[in-house]
Amino acid sequence: MSIFSSLGQLLRDLASSGASTIEALVERVRASYSDDRATRRRVAFSVAMIALSAKMAKADGVVSQAEISAFRRIFKIPPQEVRNVFRLYDLAQQDTAGFESYAARMRSLCETGDEDCALLGDVLDGLFHIAGADGIVHERELAFLHRVAQLFGLTEAQFENLKARHVRGGEAGAYAVLGVQPTDSPEAMRKRYLALVRENHPDRLAARGVPEEFMAIATERMKAINAAWATVGKLAVT
């Protein structure tokens, strides 16, 4: 069963129970996949991405066509599953609970010491992609993303690294993407670059729960990392 079909089944179960909130959906994810960690990761990632995308869409006061296109590109939704995705999207927009409640609920699915926690960084990366699809990450969107990062338990350094991929440019942005300093040795910079390539390989993302349908995130991330190294690597040997 595809991840979107699983979402559709969860939404049908939710409706039959008379519940209509994301909070109830998250609890159903926890209960339905308590003995299947891999599926729980995939479903939790998908719920977080869709629900928080819906909330973020209003952060700058405008839902642009570019953002909608980015949403569709990241999700790679099969035509027969579009209805399931937008049922969840609409549910999140209509739910009176704020995004902070959503983010906290998603964080509660993360197990200490488990790669579920790393998965939350992947969610935030996807949200950055959507926010910047219209050419700029607006101030209110950035505040939204920063608060989500805090609720997810990400460090300021992790948030700044993500921000650099999507907001900052030039040499400073390249160093920030790699998480290195201009004063670091060329060997240290290359070591860091290779570590990022390993950490962000699509196979690693899949292992921690990013569904196959969302692998556009991995592709875009690797482009940013390679572009940063193309800049930093040249500077490191001059």
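What number of residues within segment 9-24 are assigned to a helix (DSSP H, G or I) and under 23 Å from the mean Cα position of the chain (by Cα)?
At the first step, the residues of segment 9-24 found to be assigned to a helix (DSSP H, G or I) are 9-16, 22-24.
Remaining after also requiring under 23 Å from the mean Cα position of the chain (by Cα): 9-11, 22-24.
Count: 6.
Residue-by-condition table, conditions (1) loosely packed, with under 15 Cβ neighbours inside 10 Å; (2) of a type outside the set (A, V, I, L, M):
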site	(1), (2)
Val26	no, no
Tyr33	no, yes
Arg40	no, yes
Ile50	no, no
Glu67	no, yes
Lys76	yes, yes
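If you take the residues of segment 103-137 that are at pLDDT below 75 and charged (D, E, K, R), which of them is nearest to the chain's Cα centre (by Cα)?
Only one residue tops the list, namely Asp116.
Would you check which residues across segment 86-108 are touching an Asp or Glu at 6+ places or on another chain (Cβ under 8 Å) and either closer than 10 Å to Phe152 by Cα or among the hydrophobic types (A, V, I, L, M, F, W, C) (or both) and list them?
Those that are touching an Asp or Glu at 6+ places or on another chain (Cβ under 8 Å) and either closer than 10 Å to Phe152 by Cα or among the hydrophobic types (A, V, I, L, M, F, W, C) (or both): Ala97, Arg105.
Any chance segment 72-83 includes a residue that's of a type in the set (Phe, Trp, Tyr) and at pLDDT 80 or above?
No: zero hits.
Tell me yes or no: at least one residue of segment 164-185 is of a type in the set (Lys, Arg) and modelled with pLDDT of 85 or more.
Scanning segment 164-185 turns up no residue that is of a type in the set (Lys, Arg) and modelled with pLDDT of 85 or more.
Select from segment 5-19 the residues that are of a type in the set (Ser, Thr, Tyr) and surrounded by fewer than 14 Cβ atoms within 10 Å (Cβ to Cβ) and write down the one among them that is modelled with the lowest pLDDT. Please lay out each step first, then the result.
If we filter segment 5-19 for residues that are of a type in the set (Ser, Thr, Tyr), which is where we start, we get 5-6, 16-17.
From what's left, surrounded by fewer than 14 Cβ atoms within 10 Å (Cβ to Cβ): 5, 16-17.
Working: Ser5: 79, Ser16: 85, Ser17: 83.
In this case the residue turns out to be Ser5.
All but one of (1) more than 17 Å from Met222 (Cα to Cα); (2) in contact with a Lys or Arg (Cβ under 6 Å, 6 or more places away or on another chain); (3) not β-branched (Val, Ile, Thr) hold for Leu142; state the number of the condition that does not hold.
(2)
What helices (runs of 4 or more DSSP H), lying completely within segment 129-218, carry at least 3 residues that are surrounded by 18 or more Cβ atoms within 10 Å (Cβ to Cβ) and in contact with a Gly (Cβ under 9 Å, 6 or more places away or on another chain)? Can you show your working first?
Values: elements: 139-152, 156-166, 170-178, 186-199, 202-207.
Of the helices (runs of 4 or more DSSP H) lying wholly inside segment 129-218, those with at least 3 residues that are surrounded by 18 or more Cβ atoms within 10 Å (Cβ to Cβ) and in contact with a Gly (Cβ under 9 Å, 6 or more places away or on another chain) span 139-152, 156-166, 186-199.
Pick out the one residue from Ser69, Ser64, Ser2 that is modelled with pLDDT under 80 and touching a Pro at 6+ places or on another chain (Cβ under 8 Å).
Answer to the selection: Ser2.
Would you point out the residue of segment 28-55, among those that are of a type in the set (S, T, N, Q) and assigned to a helix (DSSP H, G or I), that is nearest to His146 (Cα to Cα)?
Within segment 28-55, the first condition is being of a type in the set (S, T, N, Q), and the residues that meet it are 32, 34, 39, 46, 53.
Then drop every residue that is not assigned to a helix (DSSP H, G or I), which leaves 32, 39, 46, 53.
Numbers: Ser32: 30, Thr39: 28, Ser46: 20, Ser53: 14 Å.
By that ranking, first place goes to Ser53.
The values are calculated or read from the model by the stated rules, or taken from the named source; none is laboratory data. The shown structure was predicted, so the numbers you read here are calculated from the model rather than taken from an experiment. Note that each Cβ is placed from the backbone with ideal geometry, even for glycine, and that neighbours are counted across all protein chains shown.
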